[in-house]
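Shown next, in structure tokens, is the structure this report addresses.
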Amino acid sequence: MIEPHAPAPPGAPPSWTGPARLPVRPGTGRFLVLVCVFVCAACGLVYELELVAFASYLIGDSVTQASVVLSVMVFAMGIGSLGAKRLRWHAAAGFGAVESVLALVGGCSAMALYAVFAWTAGWGGMWADGPRCLLVAFSLAIGLLIGAEVPLLMELIQRIRRQDAGGAVADLFAADYVGALVGGLAFPFLLLPFLGQLTGALLTGAVNVVAGGALVLGLFRRDLSRRARWTLLVAGLVVLGVLGSAAALADDFERAARRAVYGGDVRVAVRTGVQEVVLSGGTHGRPLDLFLDGRLRVGGRDQHRYHEALVDPALAGPHARVLILGGGDGLAAREVLRHRGVRRVDVVDLDPGLVGLARRGPGLTAANGRALADRRVHVATADALAWLRTARGPAYDVVIADLPDPGITASTKLYSQEFYGLARRVLAADGRLAVHAGPVGTRPRAYWTVAATLRTAGFAVSPYRVTGRDSGSATGPDRPTGAARPPCDWGFLLAAPGPTPPPLRLGADRPPTLTPAGLAADGQAARRTRITGLPASTLVHPRY
């Protein structure tokens, strides 16, 4: 029901002016307000998603980071809505100020997070949690500002034409939710792949401040004093100048931050569509480091020792047909091909970009000995779980699970009972499954949860751990970049279908870094850390 605009309430400040004095018809004015609601909602959701994505990339454990960002932000939105009640008598000026601050904070949040991560995460002490604390601070600030938008916009739309509260709320939230849909789709499909996180966030901030400034200085300019108009205009131009300057310097900033994170000799840095792949070193006697989404996957002079420990005990038996799940870098395939009698190797990796670098990039091809070019190697780019569900044909003698650490949320399904059940289905009756199960010394509970999950899936397991020899470099895969205390060992599980654990032994083509006596000692060292009574991890109830 449309009602005449109410008179100024008792005690209202002198700036209360009643119905808005618009330069356009009321219907057009309402439409322009709803367009602004749409744009601001899209920008607000992009800020949220950008924080979640950046936190997952920099800190890891995407479920935890998403929960922290979204819960803090929603809480702050409620507080911001309450705080905006004090601004509703100056709704136009208040909304303009809120949008300027929001554009500056949200637009610069990705760059600030990356800077703190790059230059302070390795300092230790109070600085070790700098990225996490800044993440919470940005979530709180952006949530407060987004929460303040809706009450102010409600006041503005009611000043154009007084409407019953239910109808006004319906119009406002319809535009808000549709804008959130557009922002949510634009982030993964447009901003992230074409502009990246830094430039995408800066562009979003620019759109935000232009939309808010245009509404206030264009539609509601007659409700503002001359001083307020100039203040908002200058503030908006300053914010645009800061965002534009940051965008112009984004490439230089990213290169400097990347050098701080990965070292000064980064050879390749590319976002493949699945993950960010960075190759560092590999020249002048420096070992090659491979980073996937900011985590050290292959690094130091010990990478040979890691892949030998993963592959060789599993190939001490029939090994004509070998399946490698993961291993798109070709390093596990290199180790498999060293063994005589291998007739076929199937590699299943999710990232075609990483596989391309392993086939054609000079750094990785030198490290993997051009293993993926061998005629016996066949590569499929697919999700390992989905590929196993449709796998048909002769059974494999050996399955190698060269996968990210089970503590990484995205890989949790690859350490589930369902995954190992599918792996058992493609194994020969006397086949063996080798699993990298994360560091034993620092994460024994996760390691023995993998063992419990394998047993639940029908495998008997033989645990073993191998320590790195090069203490001056990273000693295992999946170390968060900048971590002050990297894992000191790698934990492996050798599994076989049935009730009898497979023996820990080396074949005739054993590698130079492993010995039978050393492998037996490694098995005893792992068994001493045993944790019993752990439940299996499943797709619907992950335990890592």
Per DSSP, the loop-located trypsin sites (Lys or Arg not before Pro) within the stretch 289-394 having at most 10 other beta carbons within 10 Å are 340, 343, 375, 392
Hull surface over four for the Cα convex hull of the stretch 141-258, reported in nm², is 9.0
Across the alpha-carbon set of the stretch 173-332, Rg over Rh with Rh taken as the Kirkwood radius works out to 1.21
What the 5 Å binned alpha carbon P(r) of the stretch 77-211 shows, as percent of pairs per bin from 0, is 2, 10, 15, 19, 18, 14, 10, 6, 3, 2, 1, 0
At the level of C-alpha centres, the distance separating the stretch 497-522 and the stretch 142-184, in angstrom, is 66
Per-residue ellipticity at 222 nm attributable to helices in the chain (runs of n ≥ 4 DSSP H, -39500 (n - 2.57) apiece, nearest 500 deg cm²/dmol) works out to -16500 deg cm²/dmol
Computed over the chain, the relative contact order (Cα-Cα under 8 Å, seq sep at least six) in percent reads 14
Rounded to the nearest 5, the percent of antiparallel DSSP beta bridges in the chain equals 60
Rounded to a whole number, the Stokes-Einstein D of the stretch 237-358 in µm²/s (Kirkwood radius over Cα pairs; 4 °C; 1.567 mPa s) is 77
Mean shadow area (nm²) of the C-alpha convex hull around the chain is 28.9
Note, residue 389: beta-carbon cut-off 11 Å, +1 each Lys/Arg, -1 each Asp/Glu, net 0
Note on the stretch 295-335: alpha-carbon gyration tensor, axes a ≥ b ≥ c; rule is a/c under 1.5 for rounded, else prolate if a/b larger than b/c, else oblate; result oblate
Scoring the stretch 37-114 by relative contact order with C-alpha pairs under 8 Å, at least six apart, yields a percentage of 34
With T = 4 °C, eta = 1.567 mPa s and Kirkwood Rh from C-alpha pairs, the Stokes-Einstein D of the stretch 37-80 in µm²/s is about 119
Averaged per residue, the 1.4 Å probe accessible area of the chain, protein heavy atoms only, in Å², is roughly 43
The answer for the chain, counting only DSSP H helices whose Cα atoms cover 24 angstrom or more along the axis and whose Kyte-Doolittle average is 0.0 or greater, is 26-58, 62-83, 91-120, 130-160, 165-186, 192-214, 226-248
Note to self: C-alpha centroids of the stretch 31-90 and the stretch 347-374 sit apart, in Å, by 40
dims of the stretch 80-122, Cα set, principal axes, largest to smallest, nearest Å -> 48, 17, 9
Over the Cα atoms of the stretch 301-434 the radius of gyration and the largest Cα-Cα distance (Dmax), both in Å, equal 13.8, 40
Rounded to whole Å, √(5λ) for the Cα gyration tensor eigenvalues of the stretch 135-182, largest first, gives 25, 13, 7
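The values are calculated or read from the model by the stated rules, or taken from the named source; none is laboratory data. Being a predicted model, the structure only gives us computed values, none of them experimental. Ideal geometry is used to build each Cβ from the backbone, glycine not excepted, and the neighbour counts take in all protein chains shown. SASA here: full protein model, heavy atoms, side chains in, ligands and nucleic acids out. Shrake-Rupley method; radii C 1.70, N 1.55, O 1.52, S 1.80 Å.
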